[in-house]
Every structure is written in C-alpha cells, then in structure tokens.
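What follows is a short report on a single structure.
What follows is calculated from the coordinates using simple rules that are stated; it is not laboratory data. Everything numeric in this text was worked out from a predicted model, so none of it was measured. Glycine gets a Cβ as well: all are built from the backbone with ideal geometry, and neighbour counts include every protein chain shown.
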Amino acid sequence: DTPRIIDIRSSRQASTEDPVRKDILDGLQSSPPKIPTYILYDAQGLQLFDAITRLECYYLTASELSILTQYGKDLASSLPDNSTVVELGCGSLNKTRLLLYALESQRKKTNYYALDLSSSELKKAICGLDRGLKYMSVVGLHGTYDDGRKWLARARSKASGPLVVLWLGSSIGNLSRDDAASFLSQFVSESLVPGDMFVIGIDRRNDPDVVWKAYNDDLGITRKFILNGLAHANRHLDQVFQLKDWEYEGVYHKEEGYHEAFYAAQRDVDMRGIVGNESGYFPGGTRILVEQSWKYSPQEVAILADRCGLLPLQRWTDAAGTYDLHLLHV
Ligand code: AVJ
C-alpha cells in the first residue's frame, strides 16, 4: 500500500517565481558570497550524500548508528507513551528504524511523522519500514524545517500526549551556534510546551585531522557531492556556472570547531550578466561558502540547551567518544 504523505509546503514553493533562484542570487550578492546549503540536496546530491555516509572516514553516521544500536532501547524507555514524534530530515530511516522498532517492542503508542524535502525519498523510506507495526502510525510530511515547525505548532494543540522532535545526523551542525540556538528557541516558543522533548544527534570536536578527513575523502565523493550543488544551482540560473571554473575547498577551523565547504574560483569569473553589477565578478581565488559543519563539545551542548530554555535529560555516546545523542526537554 502507498504511505500517507502530507504536503505541508508553504505557498513560497508553490508560487510561480523561482524562490531558489532568488536565494542563490541573494547569496552571491552578499559579502562574503554564499550559496544556500540546501542546494546540495537534489536527487543526485541525496545519492552522493548516501555514498558519503558509507565512507569509513565519514565516521558520523557509523557513530550515531552504533549509539542507536546499543542504546536505542534506553532511548525508547525514556520517551513517553502516547507521544507524537516528528523527525526533521528523516532521510532513509536507516537509523531511525532502530528507535521505532524499540518503541514498538516496548508497546509504546507512537504517532511518528517523518519530515523530508523529497517526497519520492520519503515514500521509499516509509515503504521500507516493517509492515506489522501495531503501536505505531507512520505519516510522511513533505516540506522544509520551517514548514515542519509551523505544522508542529498546529499539531501541538491537537496532540493529546507529548511531542518529541527528533533531529539526527548532526544536521544541527549546518547552523552557526547562534542560528542553532534561535532555531531551537523558535520551536520552544512556537510549537512546544513543558514536557515536550528533543532528541538531537551531534558530532563532537574530534581530532582536527580526523574531522578534516571526514569532509575531504580520498575517493573524492565529498568533492562530487559539493560540486553537484553547482549543477543544481545551474538549473535555477540558466547554467551560469562553468563547472571547470570552480573547485571544492574544505577548511576546518579547529579553534572555533567548524568545517567549511567552499567553491573556489580557479580563474577570474564574470557572471555580471546574471548576478548584477560588481558583485557578479569573482576574481580567481574567490571562495563561495556553501556549507558549515559545526562541532560541539558536551559543554557547548549544555550552553546551547541553556540558551534555548531546554533541560538536558540524558546523553548517550559511542564507544570511541566521537559523537553524542542528547535527550533534552522543555
Ligand atoms: C548531513 C549536514 C550532517 O555537515 O556533516 C557531509 C553533510 N557535508 N559531508 C555534515 C555533509 C559534507 C553533513 N550533514
């Protein structure tokens, strides 16, 4: 049977003007120049990211999976009965299924909502779940994080039990520390009430060489993944990027604890025709930022939680101590 998927996208995506084009042009015109990180996740990008998660050097996925394998039951025991679980960016559900099956075997009634940007991937992922779940309802939500938060604010008033926001994969790392705090605070103020929870997977401040390797693999899969963003951008910009003009550059800022992915101009690039006046001229060596991946020490997570009015309940760590799964409550 076909899974239930609700389209919760705001009118922004439905309008006739191309909002992606506008986001890209705004970013290119700002200084320093940038491209929205979501450009990395078209169908091709999702496949390349999936390949990244299977690389040994990209330890984040394996670490999180090992935590859920070892402690999935503990996490399920810590979640209330009759809860509504909403996952931000559910992806393939490979890791989430461990939690869902643990909840099921503990006979905890759960309404699970899987939010993702790609409705075809959502469908695939939900169809891959076990058929015989008796205590769980599974529904897909097609939209962005913002759509999800707004949907959640409405769902809050209808849900009889507590809400649990599940955010795995260290995706929180794509926001600066300040943006992460405001993003979580927005949930707290708009969509959650005391007793509601967050489950967040976050990469640690690991050995700088290990982190750098995670984003600069020898097979060049990450390079392909990042450069594919330009091909995606091109579809919204009349093919303005010459792919030969740009190369991937990764930089890890070890003091501040974040990795950056850039498009570096290999020669002078003139895109004034489409970007508009001076800001469309990129001298050789110019870097366009597309992604930051912020890392958190346990203490930095405590500070983050405090800033958002969240209370840490529990923390599970992989055996190597590279990654944490945090349970926090409002
Ligand atoms: C999926 C956002 C967590 O930043 O580590 C992997 C994406 N970028 N390799 C990350 C990514 C380059 C990833 N997140």
- Would you please give the FRET efficiency between residue 11 and residue 134, computed as 1/(1 + (r/R0)^6) with r the Cβ-Cβ distance and R0 = 35 Å, to the nearest 0.05? 0.40
- Amide H neighbours of residue 269 under 5 Å, counting only residues 5+ apart in sequence or on other chains, H built in-plane at 1.01 Å? 282, 284
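Can you list the chymotrypsin sites (Phe, Trp or Tyr not before Pro) in region 200-243 that are in a DSSP coil and have 16 or fewer other beta carbons within 10 angstrom? Don't skip to the end; give the middle numbers.
Working: sites: 212, 215, 225, 241; in loops: 215, 241.
Counting only loop positions with at most 16 other Cβ atoms within 10 Å, none of the chymotrypsin sites (Phe, Trp or Tyr not before Pro) in region 200-243 qualifies.
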- Karplus-derived HN-Hα couplings along region 190-195 (A = 6.51, B = -1.76, C = 1.60, θ = phi - 60°), whole Hz, x at Gly and Pro: 9, 10, 10, 10, x, x
- Note on the structure: Calc'd 3J(HN,Hα), region 20-27, phi into Karplus 6.51 cos²θ - 1.76 cosθ + 1.60 (θ = phi - 60°), Hz, glycine/Pro = x, comes to 5, 4, 5, 4, 5, 4, 4, x
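Take the alpha carbon gyration tensor of region 44-99, find the square roots of its eigenvalues, order them as a ≥ b ≥ c, and report rounded if a/c is under 1.5; if not, report prolate when a/b exceeds b/c, else oblate.
Numbers: a/c = 3.93, a/b = 1.66, b/c = 2.36.
Since a/c reaches 1.5 but b/c is at least a/b, the shape of region 44-99 is classed as oblate.
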- Query: In Å, the Kirkwood hydrodynamic radius of region 64-128 over pairs of distinct alpha carbons?
  - Reply: 12.2 Å
- Message: Can you tell me, using C-alpha contacts under 8 Å and at least 6 residues apart, the relative contact order of region 227-322 as a whole percent?
- Response: 20 percent
- Task: Write down the radius of gyration of region 164-230 and its Dmax, each obtained from C-alpha positions, in Å.
- Result: 15.8, 47
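Working out 0.36 nm times the residue gap between residue 1 and residue 242, then minus their Cα-Cα distance, what length gain in nm do you get to one decimal? Can you show the working numbers first?
Details: separation 241, 0.36 × 241 = 86.76 nm, distance 4.40 nm.
Full-extension gain reported as 82.4 nm.
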- Given a Förster radius of 56 Å and the C-beta distance between residue 78 and residue 281 as r, what FRET efficiency does 1/(1 + (r/R0)^6) yield to the nearest 0.05? 0.55
- Out of 211, 138, 290, any idea which swings most in a Gaussian network model of the chain, alpha carbons joined below 10 Å? 138
- Amide H partners (placed H, <5 Å) of residue 85, local residues excluded: 111, 112, 113, 164
- Over the chain, with a single point scatterer placed on each C-alpha, what log10 of the ratio I(q)/I(0) does the Debye formula yield at q = 0.12, 0.13, 0.16 1/Å? -0.88, -1.03, -1.49
- Using θ = phi - 60° and the Karplus relation 6.51 cos²θ - 1.76 cosθ + 1.60, list the HN-Hα couplings for region 163-178 in order, rounded to whole Hz, with x at every Gly or Pro. 9, 10, 9, 9, 9, 9, x, 6, 5, 4, x, 6, 9, 5, 4, 5
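Taking neighbour counts of Cβ atoms within 10 Å as a proxy for exposure, in what order, fewest first, do 157, 137, 66 appear?
Numbers: 157 8, 137 12, 66 18.
So the residues, fewest neighbours to most, are 157, 137, 66.
Subtracting the Cα-Cα distance from 0.36 nm times the residue separation, let me have the gained length for residue 307 to residue 70 in nm, one decimal. Write out the running numbers ahead of the final one.
Numbers: separation 237, 0.36 × 237 = 85.32 nm, distance 2.99 nm.
Computed gain between residue 307 and residue 70 is 82.3 nm.
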- Message: Below 8 Å, C-alpha to C-alpha, sequence gap of six or more: please give me the relative contact order for region 93-137 in percent.
- Response: 52 percent
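Let me know the shape class of region 1-72, please: from the alpha-carbon gyration tensor, a ≥ b ≥ c as square roots of the eigenvalues, rounded when a/c is under 1.5, otherwise prolate if a/b is greater than b/c, or oblate. Walk me through the intermediate numbers first.
Working: a/c = 2.77, a/b = 1.44, b/c = 1.92.
Because a/c hits 1.5 or more and a/b fails to exceed b/c, region 1-72 counts as oblate.
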- Query: If you average over every viewing direction, what projected area does the convex hull of the Cα atoms of region 114-213 give, in nm²?
  - Reply: 8.5 nm²
- For region 232-275, list log₁₀ I(q)/I(0) at each q in 0.21, 0.25 Å⁻¹, using the Debye formula over Cα point scatterers of equal strength and ignoring solvent, two decimals each. -0.77, -0.91
- Helix-only [θ] at 222 nm, the chain, -39500 (n - 2.57) per DSSP H run of 4+, per residue, nearest 500, equals -12000 deg cm²/dmol
- Which stretch or stretches of region 119-134 have amide N atoms under 14 Å from the point lying 7 Å from residue 50's Cα along the Cα→Cβ direction? 119-129
- Note on the structure: Measuring from the longest principal axis of the C-alpha atoms of the chain, the long axis of helix 298-307 (C-alpha) lies at a number of degrees, nearest 10, equal to 80 degrees
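Please arrange 95, 254, 244 by how many other C-beta atoms lie within 10 Å of their C-beta, fewest to most.
Values: 95 23, 254 14, 244 8.
Ascending number of Cβ neighbours within 10 Å: 244, 254, 95.
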- Message: With an 8 Å Cα cut-off and a minimum separation of 6 or more residues, compute the relative contact order for the chain in percent.
- Response: 22 percent
- Query: Along each of its three principal axes, how wide is the spread of alpha-carbon positions in region 210-330, in whole angstrom units, largest first?
  - Reply: 53, 34, 27
- Query: Where the centroid of each part is defined by its Cα atoms, how far is region 289-323 from region 64-123 in Å?
  - Reply: 20 Å
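How would 275, 210 line up from fewest to most surrounding beta-carbon atoms within 10 angstrom? Mind showing how you got there, number by number?
Numbers: 275 19, 210 12.
In increasing order of surrounding Cβ atoms, one gets 210, 275.
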- Message: I'd like to know which of 230, 199, 212 lies farthest towards the positive end of the charge dipole of region 185-311, counting +1 on Cβ of Lys and Arg and -1 on Cβ of Asp and Glu.
- Response: 230
- Neighbour count of at most 14 Cβ within 10 Å plus DSSP loop: longest GluC sites (Glu not before Pro)-free window in the chain: 57-254
- Rg to Rh ratio, region 40-161, alpha-carbon atoms and Kirkwood radius? 0.97
